[in-house]
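Engineer: This is the structure I want to talk about, given as C-alpha cells.
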Number of protein chains: 2
Amino acid sequence: MALGKDYATQECSIARALEVVGERWTLLVVRDAIYGVRRYNDFLVHLGIPRAVLSDRLRTLTEQGILEKRRYQEAPPRDEYVVTERGTALWPALRALSQWGREHADAGRLRSFRHADCGGDVGPYGTCADCGTPVPVADVVMVPGPELDTAPEDPVSRALLRPKRLLEPLETEPAHLAD
Amino acid sequence: MALGKDYATQECSIARALEVVGERWTLLVVRDAIYGVRRYNDFLVHLGIPRAVLSDRLRTLTEQGILEKRRYQEAPPRDEYVVTERGTALWPALRALSQWGREHADAGRLRSFRHADCGGDVGPYGTCADCGTPVPVADVVMVPGPELDTAPEDPVSRALLRPKRLLEPLETEPAHLAD
DNA sequence: CACATGGGTTCAGTAAACGAACCGACAGTG
DNA sequence: CACTGTCGGTTCGTTTACTGAACCCATGTG
C-alpha cells in the first residue's frame, strides 16, 4: 500500500484485499465505476477528489485489473474506465459497507438497492427480500431516497436522482447545459 | 476523516461508513477485535502498527461506539477493548472483503470460516453452504488454512493457528513462555 | 482566431503515518 | 531494596501521502 509499511506481513485475506483497495478514495472510485461512471471528469466532479489522486487511483486500479481503460473515440482521443469482473466482485463488500452506513452512520436513507426483476429490497445478505434469491450486481437498481439533495451541483449526482441500474454506463448531460 | 478534506459532501452511505472506518489500519483493528483480540499489546504485535496510530484508532473506535474500553483488573490498572454490537455489524463487510481477497489477492487459502453448528463453509452471501441459513458472527469458527506460517513470531498469530470461534476472547500465552 | 473541453501533470504546503525513544505504574525475583 | 520486565501508553523527528491551485496539450466550436 505504501507509507513505508504495508500490510504484507499480515497473513490475512482481508489485509490482502485492503492492500489493493484500502487507500483513501479507492473504494469510492470503485463504487462510482459500479454505478456506471466511466469518464475521468465524471469521477472528478462527483467525488470532489484532487486530480493527482484520481489519476493515481485510476492507474493503480487499472494495473490491478479492477478497471479497464479503453479508447472510445479517436479524435480527440478519449478513454473511459470500465469496471471489470474483478471490480464488480467488490460489490458485496461495498453493499455491506453501505448497509452498515445506513444503519449506523446515516440519519435517513440516502439511496437503496432493489432487485430489478421483482422490485424487492436487497436485504442484508445480498438476497432479495421478496423473492429470496441472491441478487447479482447487474440486477441491482439503485433508487434515490428522500434525503438526497434535489438539485446537486454536479451532473453525475443529477443523473443519479433517477433510478439507475448498476454497471450500465451513466449518461451525464454535457457541461454547457448546466444551469 | 481528516486530511483537510473529508467525504462529507458525499451523499452516500458507503462514504459515511468509510468516514468512520476507512482510515488506514482501522478495519484491521476491527477485524482483530472480532477475532477476539482485546488488549493493546495483542493488537500491537499482531498488526505491527505504530503505537501512536494504534492509540489513535482505539480512541476513535471507542468514541464511535465500535469498541468499548473497560477495566478488567485494578492493580495494575488494565483495560481491554471489546467489540460492540455496532462493531460486529461490520462483520458482513469484512467477510465480503475477505472473500474478495481469497479470490483475487491470495494465492492459496489462508483461513476460512465455518458454521459452528454444522461445520459447513460460510458461502459468498454469508450463508452456510451446507444448511443454507445465514450465519451470525457469533456462530462463525475461523479455521487456519494450509498456507499459514506454522511458527509465527507473535503470540496472537500463534493462538490463531487453532480453530477459533469469533467474538470469544483470545487467550494468548504470557510473554515469558515465548521460545 | 478565441475559447471551451477532456484528461491529464507539476508543485508547494499540509496532514498523517512511521519508528524509535521515553515514561509511569506495578509485579516478580534475588 | 534494587533490578528487571510488562503493559499501556506519549513524544518527537522523519518520511510519505493528500490537497488545491496552476499549468499543459490536443482537439473541437463559434
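Engineer: Across the range B:59-76, what is the number of residues that are of a type in the set (Gly, Ala, Ser) and touching a residue at least 12 places away in the same chain (Cβ under 8 Å)?
Structural biologist: So the count comes out to 1.
Engineer: Please determine whether any residue of the range A:85-101 is part of a strand (DSSP E or B) and either within 17 Å of the chain's Cα centre (by Cα) or within 21 Å of B:Leu18 (Cα to Cα) (or both).
Structural biologist: Scanning the range A:85-101 turns up no residue that is part of a strand (DSSP E or B) and either within 17 Å of the chain's Cα centre (by Cα) or within 21 Å of B:Leu18 (Cα to Cα) (or both).
Engineer: How about the range B:19-44: which of its residues are within 12 Å of DNA strand D (Cβ to nearest atom), within 11 Å of another protein chain (Cβ to nearest Cβ) and of a type outside the set (D, E, K, R)?
Structural biologist: B:Gly22
Engineer: Quick one: how many residues across the range A:71-98 are more than 7 Å from chain B (Cβ to nearest Cβ) and either closer than 14 Å to A:Tyr35 by Cα or modelled with pLDDT of 95 or more (or both)?
Structural biologist: Adding up the residues that qualify gives 10.
Engineer: Kindly provide the set of residues from the range B:112-147 that are in contact with a Cys (Cβ under 7 Å, 6 or more places away or on another chain) and not in a loop (DSSP other than H, G, I, E, B), ordered by number.
Structural biologist: Hits for the range B:112-147 are B:His115, B:Val122, B:Cys128.
Engineer: What residue, of A:Leu47, A:Leu61, A:Leu110, is within 13 Å of chain B (Cβ to nearest Cβ), within 16 Å of DNA strand C (Cβ to nearest atom) and touching an Asp or Glu at 6+ places or on another chain (Cβ under 8 Å)?
Structural biologist: Among A:Leu47, A:Leu61, A:Leu110, only A:Leu47 is within 13 Å of chain B (Cβ to nearest Cβ), within 16 Å of DNA strand C (Cβ to nearest atom) and touching an Asp or Glu at 6+ places or on another chain (Cβ under 8 Å).
Engineer: Report the residue count in the range B:114-140 for those that are in contact (Cβ under 8 Å) with a residue 24 or more places away in the chain, over 22 Å from A:Val21 (Cα atoms) and touching a strand residue (DSSP E or B) at 6+ places or on another chain (Cβ under 9 Å).
Structural biologist: Number of matching residues: 7.
Engineer: Can you tell me which condition B:Gly119 does not meet? The list is (1) within 8 Å of another protein chain (Cβ to nearest Cβ); (2) surrounded by fewer than 21 Cβ atoms within 10 Å (Cβ to Cβ), and all the others hold.
Structural biologist: (1) is the only condition that B:Gly119 fails.
Engineer: For the range B:52-70, which residues satisfy the criterion of being closer than 16 Å to B:Tyr35 by Cβ and part of a helix (DSSP H, G or I)?
Structural biologist: B:Leu54, B:Arg57, B:Leu58, B:Leu61
Engineer: A further question follows. Of the residues that make up the range A:169-176, is at least one out of contact with any strand residue (DSSP E or B) (no Cβ under 8 Å at 6 or more places or on another chain), among the aliphatic types (A, V, I, L, M) and in contact (Cβ under 8 Å) with a residue 60 or more places away in the chain?
Structural biologist: No; the residues of the range A:169-176 include none that is out of contact with any strand residue (DSSP E or B) (no Cβ under 8 Å at 6 or more places or on another chain), among the aliphatic types (A, V, I, L, M) and in contact (Cβ under 8 Å) with a residue 60 or more places away in the chain.
Engineer: What number of residues within the range A:8-51 are surrounded by 22 or more Cβ atoms within 10 Å (Cβ to Cβ), modelled with pLDDT under 95 and part of a loop (DSSP other than H, G, I, E, B)?
Structural biologist: 1
The values are calculated or read from the model by the stated rules, or taken from the named source; none is laboratory data. Here the structure is a predicted model, which means the values were calculated and not measured. Note: ideal-geometry Cβ built from the backbone for every residue, glycine included; neighbour counts use all protein chains shown.
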